[in-house]
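Asker: The structure under discussion is supplied below as structure tokens; questions concerning it will follow.
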Amino acid sequence: MGPGSILRPALPAVLSVCAGLLALASAGTAAATRPPAGIRPAAVAFAEEPPRLGSERAMGLYLEGSLAASRGEVEAAYQAFYHAYLIEPRSPAVITHLASAVLHLGDTERAVSLATEGLAVDSTDARLHGLRATALTASGNLDAARYDLEKAAHYDSTDANFAYQLAREYERIDRLEDARRLYERAVELGNDDPETRLRHAVVLGRLGRHGEALPLLDEAERSGADLPTLSLTRAWILDELDRHAEAVPIYEQFLALHPDDVTVRRRLVNGLMALGRDRDALPHARLMYDAGPGLAEGRVLAGIYLRLRQPGQARDVALDLRRRSPGELEVAEFTVTLLLRQGEYEAAVAEAGRFATEAPESVAAHLLLAMALSGAKRSGEAEAALARAEAVAPDSADAQFALGRAYFATANYARAETLFSRALSLGADSAAAWYEIAGARERRADVDGAEAAIRRVVERRPDSPQALNFLGYLYADYNRNLPEAVRLIRRALELDPRNGYIMDSLGWAYFRMGELDSARVELERALATSGEDPTILEHLGDVLTALDRQAGAKEKYRRALELGPENPDGLREKLRRLP
């Protein structure tokens, strides 16, 4: 496109997109045009002194354009800069001002072309990189704009707005640590307005540094800035700090003005539930479900009904979802699982059977039916459903893997191992397959085989806390290599320090070694971390029995029985033996 091919925008909408995006400046004065809220493209920093141009006529036109720009006369500025450009087509200063005028008039394509011409003359010109980034951003080419923003910030590390805009771009693509650093840099360079503080706080929140985000929001609020998202960001940060009582009124105030905002209503429901105000949360959850009865809304509503001990209402929500969403696997899984947990086994079988009819070629549908039949103690029919699932996709690694897990759940460990091995041969993830094979072998008391399988996992993933814990617990449970068991489990705990089940493994290993006090400490820590688990309770009961603390042991055994352990007869025998 030649120098005379300046395209005018055909639609007023184009002008509105670019209005305020780029400040035009005179030789010594920058216009104070402010971009729309939430948008701050890279500004063009013009030199304080006029450029040295070879032609007096070009110089006069340049000054004429600068004066027109300072008065906001964009069309006149464009005409002057354009004619200066015809005389001095290789002057970066002239090209920068002309491209600014063109962009302000809405022609982003020509602005990019002009900035590219200028960069061919001087590739280190931060102003031109920033201007091209602005034009590319306005045209929606964000990835290309990021390159120019990075160049602009590199060649002019003192420009606060370059730092700010690059931070916004990094935030967009989830380079959060880079965005945080650049927001801090923008503030150091003088860009310390409320919007910068707000964006900085958002990034800190996304990085999990909520305590650092709140003071920034306080400062932005004290400035009196009218930022629409400021109060909601504060509520989100307060929620993350478990200060739900302060967040809830903010959500309620916002919803009074914007009742159709589903995201804020969902946050309100979560906050009310966190405060134990389930009855207050219920009408909001009901409103969300009635407005758009999807699975997410159904889960929330059914969950509240269950917390309010209204299982019939929860069941009705699940069944209503199924009626509305025939053939959808996740909805069917939710409904069947809820029915099973409520002890409505035949209803679960009926729904799973209906779904298998809706999706006869789905492996998952037959697996769901097998799970429901197994829950209803109809083991023969469950095996038949698994066989149908296997017939649907005999050559799929994923299907074989899922089938293996289903057979594992029905305690058919030999068949499960066969299917995991077949999945391995079909290309399934080797570490995952060997992990499952190890589990199936351990359940069959094939300790040597389980050890060999889990060692294959450790070889492939030496920093997997799950694999290290499995091997350590295997040793502890079968009273083998106990010092090695402790070493393995400690390493697993270093990699996953908040995992209560790994703490349980360590406590069990200490118990096997006769270090009873250490075992008690670890098992009590496991309970505090993971909540009541029947296996952990039984382990702690065994330790307390060994410490001759029968009353405490009885309490743990009884509570384990209430929670439904895998081996209730063994627990009852332990209780019977205690005085």
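None of the figures in this text is laboratory data; all of them are computed from the coordinates on show. What you are looking at is a predicted structure, and each value in this text was computed from that prediction instead of being measured. Quick reminder, even Gly has a Cβ in these numbers, built from the backbone with ideal geometry, and neighbours come from all protein chains shown.
Asker: In the range 98-205, what is the volume of the convex hull around the alpha carbon atoms, normalised per residue and reported in Å³?
Answerer: Details: hull volume 10.2 nm³, N = 108.
Cα convex hull per residue, to the nearest whole number: 94 Å³.
Asker: Here's another thing I want to ask about it. Based on Cα positions only, what radius of gyration and what Dmax would you give for the range 206-269, in angstroms?
Answerer: 11.7, 31
Asker: Lysines near residue 556 by alpha-carbon distance under 19 Å, same-chain residues fewer than 8 away left out - which ones?
Answerer: Counting by Cα, and skipping residues close in sequence, residue 556 has these lysines nearby: 574.
Asker: Using a Cα-Cα cut-off of under 18 Å, which aspartates and glutamates could be cross-linked to residue 377, ignoring same-chain neighbours fewer than 8 residues away?
Answerer: Counting by Cα, and skipping residues close in sequence, residue 377 has these aspartates and glutamates nearby: 344, 346, 351, 566.
Asker: Determine ³J(HN,Hα), in whole Hz, for all residues of the range 468-478 in sequence, where each value follows from phi through the Karplus function 6.51 cos²θ - 1.76 cosθ + 1.60 and θ = phi - 60°; x replaces Gly and Pro.
Answerer: For the range 468-478, the Karplus curve yields 4, 5, 4, 5, x, 5, 4, 4, 5, 5, 9 Hz.
Asker: Using only alpha carbon pairs under 8 Å that are at least six residues apart, calculate the relative contact order of the chain and give it in whole percent. The partial results should precede the final answer.
Answerer: Details: 833 pairs, mean separation 25.8, N = 579.
With pairs under 8 Å counted, the relative contact order is 4 percent.
Asker: Using the Cα centre as the reference, give the magnitude of the dipole from point charges on the C-beta atoms of the chain (Lys, Arg: +1; Asp, Glu: -1; all else neutral), rounded to the nearest 20 debye. It would help to have the intermediate numbers written out before the result.
Answerer: Details: 70 positive and 86 negative charges, 258 e Å.
In total the dipole reaches around 1240 debye.
Asker: Determine by what factor the alpha-carbon radius of gyration of the range 340-427 differs from 2.2 N^0.38 Å, reporting the quotient.
Answerer: With N residues counted in the range 340-427, Rg over 2.2 N^0.38 Å equals 1.04.
Asker: For the range 403-556, what number results from the quotient of the Cα radius of gyration and 2.2 N^0.38 Å? Write out the running numbers ahead of the final one.
Answerer: Details: Rg = 16.3 Å, N = 154, 2.2 N^0.38 = 14.9 Å.
Rounded to two decimals, the normalised Rg is 1.09.
Asker: Next question, about the same structure. Strictly greater than 29 Å: what percent of every Cα pair in the chain meets that? Don't skip to the end; give the middle numbers.
Answerer: Working: 119118 of 167331 pairs.
Every Cα pair in the chain considered, those over 29 Å come to 71 percent.
Asker: Using only alpha carbons, build the gyration tensor for the range 152-266 and give me the equivalent ellipsoid semi-axes, biggest first, whole Å. All intermediate terms of the calculation are to be shown ahead of the outcome.
Answerer: Values: eigenvalues 155, 38, 33 Å².
Its equivalent ellipsoid spans semi-axes of 28, 14, 13 Å.
Asker: Per DSSP H run of at least 4 residues, take -39500 (n - 2.57); add these up for the chain, divide by its residues and hand me the 222 nm value, nearest 500 deg cm²/dmol.
Answerer: Values: 32 runs with 420 residues, N = 579.
When only DSSP H runs of four or more count, the value is -23000 deg cm²/dmol.
Asker: After finding the eigenvalues of the alpha carbon gyration tensor for the range 532-577, what semi-axes result from the square roots of 5 times each, listed largest first in whole Å? Before the final figure, lay out each step's value.
Answerer: Working: eigenvalues 47, 24, 13 Å².
Equivalent-ellipsoid dimensions as semi-axes: 15, 11, 8 Å.
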